[in-house]
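Here, each number is a calculation from the coordinates, and none is a lab measurement. Note that the coordinates shown come from a computational prediction; the quantities given were computed from them, not determined experimentally. Reconstructed Cβ throughout: ideal geometry from the backbone, glycine too, with neighbour counts over all protein chains shown.
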Amino acid sequence: MDDMSSTKNTGALYIVATPIGNRDDITIRALNILAQVDLIAAEDTRRTGKLLAHHQIKGHLLSYHEHNEKKRTPDLVNKLKTGSSIALVSDAGTPSVSDPGYRLVKEAIANNIKVIPIPGVSAVITALSAAGIATDAFVFVGFFAKKKAKRLKQLQALVDEPRTIVLYESPKRILTFLKEIKTVMGNRYGVLCREMTKLHEEFIRGPVSEIISELSSRSTIKGECTLLLTGRTDEREPSLESVRNELRKAFKETDGTLSEIAKTVAKKCGLPRNTVYDEALKLKHKISKG
């Protein structure tokens, strides 16, 4: 069905997901919508303008961000009520997920305006798909408070959370944040996803202490960060050092593949196979180098 024809006379709000890095990570449907709507409400018109130019789309852009959304929302709702079609886009990813947009969507619904999601990239799902940790259940928290006291309180509330935890943080604050996580939540396993889909895409996997060590060795940290942490498990869970000892023992005593060894050790230690496999890879690399 033609997305535009069904709502041409009534106006519609399209929630359009855009790339988080690589400009080609956008759906054909999203490109069609951006080319056809009357107005594109963008968190950053310059950034969205570059995306449109890359795909040879001319669109009428209007800024809509956290500092003006309260003022702009009534005007946009009025445009929708009089038949205009509007696409809402954020800087990157899916709008209204830790981005401006919730207020506009809520008001559109309150005014019986059709809200149509145009799905695509989301940093949360992108990170989960490549992290190698449990994804059957997770909790997305987004950005934490900037004030330390409130941030520590937020972390404390997650200490007993059993599901995988997904967080956002800026490169300027990530190192300090990781140190706070280690203090409050312990040295649990994590995956730091940086510059996803871009040229310098990176996934740093390991205990929080190892991620801290890796970042501390760098002069600068660039790119928005998505951090995943394993949820809390049985307090009797073995330390990673005991897991490494089990792996060293298995390397000496068996001729199995790395995957088979990881599976055996994971079962013995009661840990996720992916967690043990990552440690096995690191250990094997250290042994081969030394």
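Where both bridge residues fall in segment 124-229, DSSP classifies roughly 75% of the beta bridges as antiparallel. Annotation for segment 203-290: GluC sites (Glu not before Pro) lying in DSSP loop with at most 14 further Cβ atoms inside 10 Å of their Cβ are GLU235. Computed over segment 1-156, the P(r) curve from all C-alpha pair distances, binned at 10 Å from the origin, holds 10, 37, 33, 16, 4, 0 percent per bin. For segment 124-229, taking Cα atoms only, Rg and Dmax work out to 12.8, 36 Å respectively. For LYS81, the lysines whose Cα comes closer than 22 Å to its Cα, not counting residues fewer than 8 places off in the same chain, are LYS8, LYS70, LYS71, LYS106, LYS114. Our helix-only sum for the chain, with -39,500 (n - 2.57) per DSSP H run of n ≥ 4 divided by its residues, gives a mean residue ellipticity at 222 nm of -13000 deg cm²/dmol. Sorting 177-188, 139-150 by average packing, meaning the other beta carbons within 10 Å per residue, from highest down gives 177-188, 139-150. Of the residues LEU229, PHE144, ILE261, the one whose Cα sits farthest towards the positive end of the charge dipole of the chain is PHE144 (charges of +1 on Lys and Arg Cβ, -1 on Asp and Glu Cβ, taken about the Cα centre). Taking amide H atoms as placed 1.01 Å from N in the peptide plane, the amide H of GLY93 lies under 5 Å from those of THR18, ILE20, each 5 or more residues away in sequence or on another chain.
Just the number: Rg to Rh for the chain, Cα atoms, Kirkwood Rh, two decimals. Across the chain, the Cα-based Rg/Rh ratio is 1.06.
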